[in-house]
Structures are given as structure tokens and as C-alpha cells.
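Only one structure is covered here, and it is reproduced in the block below.
No lab work stands behind these numbers, since they all come straight from the coordinates. Worth saying up front: this structure is predicted, and the values here are computed from it rather than measured. We place every Cβ from the backbone using ideal geometry, glycine too, and count neighbours over all the protein chains shown.
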Amino acid sequence: MSSISIIGLGTMASALADRALAGGNTVELIGRDPAKAKELAGSLGGATVGTAGTAPAGDIVILAVPYANAAEAVREYGDTLDGKIVIDITNPVTPDITGLVTPDGSSGAQEIAKAAPVGTHVVKAFNTLFANVLAAGPAEGRPLDVFVAGDDAQAKAQVSVFIESLGLRPFDAGPLPMAQALENAGLLEMGLMTHSLNHTDFFLGVNMLS
């Protein structure tokens, strides 16, 4: 199983930590509010608490912070991320949910990779799952799908093993620039949530026809 550090203490961090622990992974929670981190770790059972700004213990580091803070967080941890896998779960959407805030031809994951040490392997994943859906688990016996994009094949393979340990189904979407497509998929989900479904009890997945 995997050694995971989660930077962030929100609903996605909680859902990912809970499923990771249930899957037999070790989990370290890191946040700027030590009391909140300890409270969350206590509610989950089995998670440890790290110190913000110091080297994450996990081989896989999950950025579970808003996109606006993600690159700053990567720069803060600096060389301590060298050689680690960093999973970007963010959706860099505009406040009115009509577009993305990233530069043309780039993605949130690519911008985060620019802020990371050269030896860091940034992988996009989990951005098309809402926290409540992730926490609830498989829908009607069907596994939830997680789309993965990254430039390092070994890093993506390691992330895929972690995803499977959560009881989820990984799909390799290609190199890191494919994060642009995944972030547009996240934007699509938010548009559906806002304009037609009015809830977050759904997910995007792949139906096999044969």
C-alpha cells in the first residue's frame, strides 16, 4: 500500500483520507490549523498529523487545497517535494463557474508543475469526483472512475495502485497536458450542478459496451 500525505483539511481531504485508511494506506494530514488537523485525524482514526511547511512524510502528496493556493503551497514545501508524486485534485474555475482561470494552452496541473522542483512528478486525478460522492463509495455496485494524467509512467502507475486501494477504478488519460481536458470536465460537472441537476450526487464515468 501507499504512504500518503494530504495537504489540506477540507471535505475532499477528509473523504480521501477516510478511504485511504480503509484501503490500508498510511495517511498524514497537514494543515495550517494544527488543532483542526488533530481533530480531523481523531475523527478518522489511524491518521497522523504533520507540520505545515516541513517535509511531508508520504511518497504521494495530495494537494487538497483551493487552486488559488496550490502553487503557493508547492513553492512553500520546495525541495522537500523533490522525488515525490504530487497529486493535483483542483479545479481552477472562475468564481462564476463559466470558465477556467488558467492561461490559454495550460492547465492548473501544468501551472503547479512549473512551481514544483524538477524531480517532482505532478499527476492530475480526482478532480471529477465531488467529495460527497467519493465519501459514499461505489454507486449501485459500480466503481467510481478516476481519470489520471501525468508525464511519468511510473508515477501514474503508482497513483493507479493507490486509486485501486480506495475501491475506485483508474483510467490513464495520457500526459499532463490532458489535465486541460480533465479540468474542463470538472467545469462541466459544476455547470450541470448549477444549472440543471442542482445537486452533486453524480459523477462522470466510463461505460464499457463489451
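Near the amide H of GLY58, under 5 Å away, which other amide H atoms are found, from residues 5 or more places off or on another chain, if H is placed in the peptide plane?
Residues meeting the criterion, in which the H sits 1.01 Å from N, are SER5.
Between region 57-84 and region 105-163, what is the separation of their alpha carbon centroids in Å?
14 Å
Once label points are set 7 Å from the Cα along Cα→Cβ at both ASP201 and LYS114, what is their separation, rounded to one decimal in nm?
Output for this residue pair reads 4.1 nm.
Pick out which of SER14, SER107, SER43 has the largest mean-square fluctuation in a Gaussian network model of the chain, springs linking Cα atoms closer than 10 Å.
SER43
At 0.36 nm per residue, and after removing the present C-alpha to C-alpha distance, how many nm does the segment from ALA55 to THR94 gain when stretched out fully?
Details: separation 39, 0.36 × 39 = 14.04 nm, distance 3.12 nm.
Separation in residues times 0.36 nm, less the Cα-Cα distance, equals 10.9 nm.
Normalized C-alpha radius of gyration of region 3-197, against 2.2 N^0.38 Å? Working shown, then result.
Working: Rg = 15.6 Å, N = 195, 2.2 N^0.38 = 16.3 Å.
The reported ratio for this selection is 0.95.
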